[in-house]
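Student: Sharing a structure here in C-alpha coordinates format.
The values are calculated or read from the model by the stated rules, or taken from the named source; none is laboratory data. Every value quoted in this text rests on a predicted model; they were computed, and no experiment measured them. Backbone-built Cβ (ideal geometry, glycine too); neighbour counts: all protein chains shown. For accessibility, only protein heavy atoms count, side chains too; no ligands or nucleic acids. Shrake-Rupley method; radii C 1.70, N 1.55, O 1.52, S 1.80 Å.
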Amino acid sequence: MYATIRIALTTTLLISAAIRAQDCTEGVDWTKRSVCAKGIGAVNPKHPQAAARPGAIRAAQQTALRNALELVKGVPVTSNTTVANSMTADDNVRTKVEGFVKGFQFSQPHYMDDLTVEVNVQIPLDGVGDIVLPATIQAQPSVKTWSWGEDGKGSAPANLRSSVYTGLVIDARGLSVLPALAPRVLEADGKELYGSANVSREWAVKYGMAGYAKSVDGARGMKDRIGDNPAVVKAVRADGAAKTDAVLSAEDVLAVKSAAQNLKFLSEARVVFVVD
(Lines give C-alpha, C1' and ligand atoms only; values in the text may rest on other atoms or scores of the structure.)
Protein backbone atom coordinates (compact mmCIF):
# COMPACT_ATOMS: atom_id res chain seq x y z
CA MET A 1 0.00 0.00 0.00
CA TYR A 2 2.73 2.43 1.05
CA ALA A 3 4.69 1.55 -2.09
CA THR A 4 1.63 2.35 -4.20
CA ILE A 5 1.14 5.67 -2.45
CA ARG A 6 4.82 6.55 -2.90
CA ILE A 7 4.68 5.74 -6.64
CA ALA A 8 1.53 7.82 -7.03
CA LEU A 9 3.09 10.72 -5.10
CA THR A 10 6.27 10.57 -7.16
CA THR A 11 4.25 10.55 -10.38
CA THR A 12 2.21 13.54 -9.21
CA LEU A 13 5.38 15.47 -8.31
CA LEU A 14 6.92 14.78 -11.71
CA ILE A 15 3.77 15.86 -13.53
CA SER A 16 3.52 18.99 -11.38
CA ALA A 17 7.17 19.81 -12.06
CA ALA A 18 6.61 19.49 -15.79
CA ILE A 19 3.57 21.79 -15.63
CA ARG A 20 5.47 24.34 -13.53
CA ALA A 21 8.37 24.33 -15.97
CA GLN A 22 5.96 25.57 -18.62
CA ASP A 23 5.10 28.61 -16.51
CA CYS A 24 8.46 30.18 -17.23
CA THR A 25 10.42 29.31 -20.35
CA GLU A 26 13.99 30.26 -19.60
CA GLY A 27 15.40 32.87 -21.94
CA VAL A 28 14.38 36.16 -23.56
CA ASP A 29 10.76 36.33 -24.73
CA TRP A 30 10.44 39.31 -27.07
CA THR A 31 6.70 38.86 -27.59
CA LYS A 32 6.15 39.20 -23.84
CA ARG A 33 9.12 41.57 -23.53
CA SER A 34 10.56 39.75 -20.55
CA VAL A 35 13.53 37.69 -19.42
CA CYS A 36 12.89 34.50 -17.48
CA ALA A 37 15.60 32.69 -15.52
CA LYS A 38 15.50 29.65 -13.27
CA GLY A 39 17.63 28.54 -10.38
CA ILE A 40 17.92 25.18 -8.65
CA GLY A 41 19.26 24.71 -5.14
CA ALA A 42 20.15 21.45 -3.42
CA VAL A 43 19.73 20.61 0.24
CA ASN A 44 23.02 20.50 2.11
CA PRO A 45 23.03 17.14 3.96
CA LYS A 46 25.34 18.60 6.62
CA HIS A 47 22.75 21.17 7.68
CA PRO A 48 20.07 20.37 10.27
CA GLN A 49 16.68 19.62 8.79
CA ALA A 50 15.22 22.98 9.90
CA ALA A 51 17.89 24.90 7.96
CA ALA A 52 18.29 22.58 4.97
CA ARG A 53 15.30 23.70 2.94
CA PRO A 54 15.72 27.49 3.52
CA GLY A 55 19.35 27.07 2.50
CA ALA A 56 18.32 25.32 -0.71
CA ILE A 57 15.85 28.12 -1.47
CA ARG A 58 18.53 30.79 -1.02
CA ALA A 59 20.89 28.86 -3.27
CA ALA A 60 18.20 28.56 -5.95
CA GLN A 61 17.44 32.29 -5.75
CA GLN A 62 21.09 33.23 -6.08
CA THR A 63 21.45 30.98 -9.10
CA ALA A 64 18.30 32.43 -10.70
CA LEU A 65 19.63 35.96 -10.27
CA ARG A 66 22.99 35.08 -11.78
CA ASN A 67 21.27 33.43 -14.73
CA ALA A 68 18.90 36.37 -15.17
CA LEU A 69 21.75 38.87 -15.18
CA GLU A 70 23.65 36.87 -17.80
CA LEU A 71 20.57 36.73 -20.01
CA VAL A 72 19.98 40.48 -19.61
CA LYS A 73 23.62 41.23 -20.48
CA GLY A 74 23.21 39.46 -23.80
CA VAL A 75 20.19 41.52 -24.90
CA PRO A 76 21.00 43.71 -27.94
CA VAL A 77 20.36 47.42 -27.43
CA THR A 78 21.19 48.45 -30.99
CA SER A 79 22.75 46.56 -33.86
CA ASN A 80 26.17 47.53 -32.49
CA THR A 81 25.74 47.29 -28.73
CA THR A 82 24.40 44.96 -26.05
CA VAL A 83 23.42 45.59 -22.45
CA ALA A 84 26.79 44.12 -21.46
CA ASN A 85 28.57 46.74 -23.61
CA SER A 86 26.62 49.50 -21.88
CA MET A 87 27.46 48.10 -18.45
CA THR A 88 31.16 47.87 -19.29
CA ALA A 89 31.25 51.42 -20.63
CA ASP A 90 29.51 53.01 -17.63
CA ASP A 91 29.72 51.86 -14.00
CA ASN A 92 26.52 53.77 -13.21
CA VAL A 93 24.66 51.75 -15.87
CA ARG A 94 26.17 48.54 -14.49
CA THR A 95 25.01 49.37 -10.96
CA LYS A 96 21.51 50.27 -12.14
CA VAL A 97 21.09 47.13 -14.26
CA GLU A 98 22.32 44.86 -11.47
CA GLY A 99 20.04 46.61 -8.97
CA PHE A 100 17.07 46.38 -11.31
CA VAL A 101 17.53 42.65 -11.81
CA LYS A 102 17.86 42.06 -8.06
CA GLY A 103 14.71 44.06 -7.36
CA PHE A 104 12.23 41.48 -8.63
CA GLN A 105 10.45 38.89 -6.55
CA PHE A 106 10.95 35.20 -7.10
CA SER A 107 8.24 32.70 -7.84
CA GLN A 108 7.07 30.43 -5.09
CA PRO A 109 9.62 27.64 -4.52
CA HIS A 110 8.92 24.37 -6.31
CA TYR A 111 9.94 21.40 -4.16
CA MET A 112 11.16 18.56 -6.31
CA ASP A 113 11.03 14.90 -5.38
CA ASP A 114 14.84 14.70 -5.37
CA LEU A 115 14.88 17.28 -2.53
CA THR A 116 16.10 20.11 -4.76
CA VAL A 117 14.25 23.43 -4.90
CA GLU A 118 13.47 25.40 -8.08
CA VAL A 119 12.56 29.07 -8.36
CA ASN A 120 12.25 31.44 -11.28
CA VAL A 121 12.40 35.19 -11.73
CA GLN A 122 11.03 37.31 -14.56
CA ILE A 123 12.54 40.64 -15.55
CA PRO A 124 10.66 43.11 -17.82
CA LEU A 125 12.78 44.21 -20.77
CA ASP A 126 11.30 47.69 -20.85
CA GLY A 127 12.70 48.40 -17.39
CA VAL A 128 16.14 47.47 -18.66
CA GLY A 129 15.55 49.70 -21.68
CA ASP A 130 14.91 52.65 -19.39
CA ILE A 131 18.51 52.30 -18.20
CA VAL A 132 20.35 51.53 -21.43
CA LEU A 133 18.38 53.18 -24.25
CA PRO A 134 20.54 55.60 -26.26
CA ALA A 135 20.77 59.17 -24.98
CA THR A 136 19.72 60.31 -28.45
CA ILE A 137 16.15 59.36 -27.54
CA GLN A 138 14.92 62.66 -26.17
CA ALA A 139 11.75 63.76 -24.39
CA GLN A 140 10.49 65.08 -27.72
CA PRO A 141 11.43 63.57 -31.10
CA SER A 142 13.93 65.66 -33.01
CA VAL A 143 12.32 64.70 -36.35
CA LYS A 144 9.33 66.97 -36.88
CA THR A 145 8.81 66.61 -40.63
CA TRP A 146 9.67 64.09 -43.32
CA SER A 147 12.84 64.66 -45.29
CA TRP A 148 12.97 64.18 -49.07
CA GLY A 149 15.81 63.92 -51.53
CA GLU A 150 19.46 63.10 -51.01
CA ASP A 151 20.12 66.25 -48.99
CA GLY A 152 16.85 66.00 -47.08
CA LYS A 153 15.69 69.35 -48.49
CA GLY A 154 13.67 68.12 -51.44
CA SER A 155 9.91 68.07 -51.88
CA ALA A 156 7.50 65.16 -51.67
CA PRO A 157 6.54 63.59 -55.02
CA ALA A 158 3.67 65.48 -56.64
CA ASN A 159 1.68 62.28 -57.20
CA LEU A 160 2.12 60.99 -53.64
CA ARG A 161 -1.10 59.49 -52.35
CA SER A 162 -1.69 60.46 -48.74
CA SER A 163 -2.57 57.60 -46.36
CA VAL A 164 -2.89 58.02 -42.61
CA TYR A 165 -2.00 54.97 -40.53
CA THR A 166 -2.22 54.10 -36.85
CA GLY A 167 0.96 52.04 -36.69
CA LEU A 168 3.57 50.12 -38.66
CA VAL A 169 4.00 46.36 -39.06
CA ILE A 170 7.28 45.26 -40.62
CA ASP A 171 7.27 41.70 -41.93
CA ALA A 172 10.94 40.73 -41.59
CA ARG A 173 10.53 36.96 -41.71
CA GLY A 174 13.13 35.05 -43.67
CA LEU A 175 15.74 37.81 -43.33
CA SER A 176 17.31 36.72 -40.01
CA VAL A 177 16.38 40.04 -38.38
CA LEU A 178 17.01 39.80 -34.63
CA PRO A 179 15.13 41.66 -31.87
CA ALA A 180 16.70 44.60 -30.01
CA LEU A 181 15.71 47.28 -27.54
CA ALA A 182 16.38 50.07 -30.06
CA PRO A 183 15.97 48.72 -33.61
CA ARG A 184 15.85 50.95 -36.66
CA VAL A 185 13.89 51.00 -39.91
CA LEU A 186 15.96 52.22 -42.84
CA GLU A 187 15.47 53.43 -46.37
CA ALA A 188 17.41 51.65 -49.09
CA ASP A 189 20.14 54.32 -49.06
CA GLY A 190 20.67 53.89 -45.31
CA LYS A 191 18.67 56.91 -44.18
CA GLU A 192 16.77 56.36 -40.96
CA LEU A 193 13.03 56.17 -41.45
CA TYR A 194 12.44 55.17 -37.83
CA GLY A 195 14.91 55.27 -34.98
CA SER A 196 15.93 57.17 -31.89
CA ALA A 197 15.23 60.57 -33.51
CA ASN A 198 11.58 59.71 -34.20
CA VAL A 199 10.34 58.47 -30.85
CA SER A 200 9.74 60.22 -27.54
CA ARG A 201 11.60 58.77 -24.58
CA GLU A 202 8.41 58.40 -22.54
CA TRP A 203 6.88 56.05 -25.12
CA ALA A 204 10.14 54.21 -25.80
CA VAL A 205 10.58 53.49 -22.09
CA LYS A 206 6.95 52.58 -21.50
CA TYR A 207 6.45 50.24 -24.47
CA GLY A 208 9.90 49.68 -25.93
CA MET A 209 10.88 51.12 -29.30
CA ALA A 210 9.25 48.19 -31.07
CA GLY A 211 7.12 45.18 -30.33
CA TYR A 212 7.77 41.73 -31.78
CA ALA A 213 5.44 39.08 -33.13
CA LYS A 214 5.77 35.74 -34.90
CA SER A 215 3.13 36.37 -37.56
CA VAL A 216 1.45 39.28 -39.30
CA ASP A 217 -1.87 38.22 -37.77
CA GLY A 218 -0.22 38.19 -34.37
CA ALA A 219 1.10 41.69 -34.99
CA ARG A 220 -2.31 42.92 -36.14
CA GLY A 221 -3.73 41.56 -32.91
CA MET A 222 -1.58 44.01 -30.94
CA LYS A 223 -4.19 46.72 -31.41
CA ASP A 224 -3.31 48.48 -28.18
CA ARG A 225 0.03 49.21 -29.80
CA ILE A 226 -0.61 49.66 -33.53
CA GLY A 227 -4.32 50.47 -33.65
CA ASP A 228 -6.86 49.33 -36.22
CA ASN A 229 -5.22 50.59 -39.40
CA PRO A 230 -1.48 49.84 -39.43
CA ALA A 231 0.65 49.99 -42.55
CA VAL A 232 1.93 46.47 -43.25
CA VAL A 233 5.18 46.38 -45.22
CA LYS A 234 7.72 43.73 -46.16
CA ALA A 235 11.36 44.34 -45.26
CA VAL A 236 13.80 43.67 -48.12
CA ARG A 237 16.88 42.93 -46.01
CA ALA A 238 18.41 43.04 -42.55
CA ASP A 239 21.04 45.63 -41.70
CA GLY A 240 23.55 46.41 -38.96
CA ALA A 241 26.30 44.37 -37.35
CA ALA A 242 23.85 42.28 -35.34
CA LYS A 243 21.12 42.33 -38.00
CA THR A 244 18.59 44.12 -35.78
CA ASP A 245 17.59 46.80 -38.32
CA ALA A 246 15.24 46.38 -41.27
CA VAL A 247 15.45 48.01 -44.71
CA LEU A 248 12.28 48.85 -46.66
CA SER A 249 11.72 49.20 -50.39
CA ALA A 250 11.34 52.69 -51.87
CA GLU A 251 7.66 51.99 -52.50
CA ASP A 252 6.98 51.08 -48.86
CA VAL A 253 9.01 54.05 -47.62
CA LEU A 254 6.71 56.29 -49.67
CA ALA A 255 3.68 54.58 -48.16
CA VAL A 256 4.88 55.34 -44.64
CA LYS A 257 5.91 58.91 -45.53
CA SER A 258 2.68 59.58 -47.41
CA ALA A 259 1.20 61.70 -44.63
CA ALA A 260 2.79 64.00 -42.08
CA GLN A 261 0.39 62.60 -39.49
CA ASN A 262 2.19 59.27 -39.67
CA LEU A 263 5.04 60.82 -37.71
CA LYS A 264 2.74 60.73 -34.68
CA PHE A 265 2.46 56.94 -34.53
CA LEU A 266 6.24 56.69 -34.87
CA SER A 267 6.73 59.17 -32.02
CA GLU A 268 4.61 56.83 -29.89
CA ALA A 269 6.65 53.73 -30.87
CA ARG A 270 3.65 52.10 -32.55
CA VAL A 271 5.89 49.73 -34.48
CA VAL A 272 5.92 45.93 -34.56
CA PHE A 273 8.50 43.68 -36.21
CA VAL A 274 7.42 40.23 -37.39
CA VAL A 275 10.44 37.92 -37.05
CA ASP A 276 11.14 34.20 -37.31
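Student: Collect the residues in region 112-156 that are farther than 30 Å from Lys206 by Cα and among the acidic types (Asp, Glu), keeping them in residue-number order. Steps first, answer last, please.
Tutor: Residues of region 112-156 farther than 30 Å from Lys206 by Cα: 112-118, 148-156.
Matches in region 112-156: Asp113, Asp114, Glu118, Glu150, Asp151.
Student: Would you check which residues across region 71-85 are farther than 17 Å from Pro124 by Cβ and either among the small types (Gly, Ala, Ser) or assigned to a helix (DSSP H, G or I) (or both) and list them? Before you say what the answer is, go through the steps one by one.
Tutor: Keep residues of region 71-85 that are farther than 17 Å from Pro124 by Cβ, which gives 78-82, 84-85.
Passing the criteria: Ser79, Ala84, Asn85.
Student: Just to verify a result, which residue in region 266-276, among those that are assigned to a loop (DSSP other than H, G, I, E, B) and not small (Gly, Ala, Ser), is least open to solvent (accessible area, probe 1.4 Å)?
Tutor: At the first step, the residues of region 266-276 found to be assigned to a loop (DSSP other than H, G, I, E, B) are 268-270, 275-276.
In the following step, the residues that additionally are not small (Gly, Ala, Ser) were identified as 268, 270, 275-276.
Numbers: Glu268: 30, Arg270: 50, Val275: 8, Asp276: 112 Å².
Among them, the one singled out is Val275.
Student: Since Thr78 meets every condition but one in (1) over 24 Å from Ala197 (Cβ atoms); (2) open to solvent by 30 Å² or more (accessible area, probe 1.4 Å); (3) in contact with a Ser or Thr (Cβ under 8 Å, 6 or more places away or on another chain), which condition does it not meet?
Tutor: Just one mismatch for Thr78, condition (1).
Student: Looking only at region 224-251, which residues are open to solvent by 10 Å² or more (accessible area, probe 1.4 Å), of a type in the set (Asp, Glu) and within 22 Å of the chain's Cα centre (by Cα)?
Tutor: If the condition is that a residue be open to solvent by 10 Å² or more (accessible area, probe 1.4 Å), of a type in the set (Asp, Glu) and within 22 Å of the chain's Cα centre (by Cα), then Asp224, Asp239 are the ones that fit.
Student: Only residues in region 148-172 that are under 21 Å from Lys234 (Cβ atoms) count as the first member; pair them with residues that are of a type in the set (A, V, I, L, M) and open to solvent by 50 Å² or more (accessible area, probe 1.4 Å), Cβ under 6 angstrom, at least 6 apart or cross-chain, and list the lot.
Tutor: As it stands, the answer is Val169/Val232, since those pairs meet every condition given.
Okay, residues lined up against (1) in a strand (DSSP E or B); (2) under 19 Å from Val247 (Cβ atoms):
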{"position": "Thr136", "(1), (2)": "no, no"}
{"position": "Gln140", "(1), (2)": "no, no"}
{"position": "Val143", "(1), (2)": "no, yes"}
{"position": "Trp148", "(1), (2)": "no, yes"}
{"position": "Lys153", "(1), (2)": "no, no"}
{"position": "Asn159", "(1), (2)": "no, no"}
{"position": "Val169", "(1), (2)": "yes, yes"}
{"position": "Ser176", "(1), (2)": "no, yes"}
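Student: Considering only residues that are within 17 Å of the chain's Cα centre (by Cα), in a loop (DSSP other than H, G, I, E, B) and small (Gly, Ala, Ser), look in region 189-209 and name the one that is surrounded by the most Cβ atoms within 10 Å (Cβ to Cβ).
Tutor: By that ranking, first place goes to Gly208.
Here is a yes/no grid of residues against (1) open to solvent by less than 50 Å² (accessible area, probe 1.4 Å); (2) under 14 Å from Asp276 (Cα atoms); (3) of a type in the set (Val, Ile, Thr):
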| residue | (1), (2), (3) |
| --- | --- |
| Trp146 | yes, no, no |
| Val164 | no, no, yes |
| Leu168 | yes, no, no |
| Ala172 | yes, yes, no |
| Ser176 | no, yes, no |
| Ala182 | yes, no, no |
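Student: Inside region 115-131, can you point out the residues that are open to solvent by less than 30 Å² (accessible area, probe 1.4 Å) and either assigned to a helix (DSSP H, G or I) or among the hydrophobic types (A, V, I, L, M, F, W, C) (or both)?
Tutor: Val117, Val119, Val121, Ile123, Leu125, Gly127, Val128, Gly129 - these are the residues of region 115-131 that are open to solvent by less than 30 Å² (accessible area, probe 1.4 Å) and either assigned to a helix (DSSP H, G or I) or among the hydrophobic types (A, V, I, L, M, F, W, C) (or both).
Student: Next question. Can you tell me which residue among Leu263, Leu254 is out of contact with any strand residue (DSSP E or B) (no Cβ under 8 Å at 6 or more places or on another chain), assigned to a helix (DSSP H, G or I) and open to solvent by 40 Å² or more (accessible area, probe 1.4 Å)? Please lay out each step first, then the result.
Tutor: Values: Leu263 fails: open to solvent by 40 Å² or more (accessible area, probe 1.4 Å).
After applying the criteria, what remains is Leu254.
Student: Give me a count of the residues in region 88-114 that are in contact (Cβ under 8 Å) with a residue 24 or more places away in the chain and part of a helix (DSSP H, G or I).
Tutor: Selection size over region 88-114: 7.
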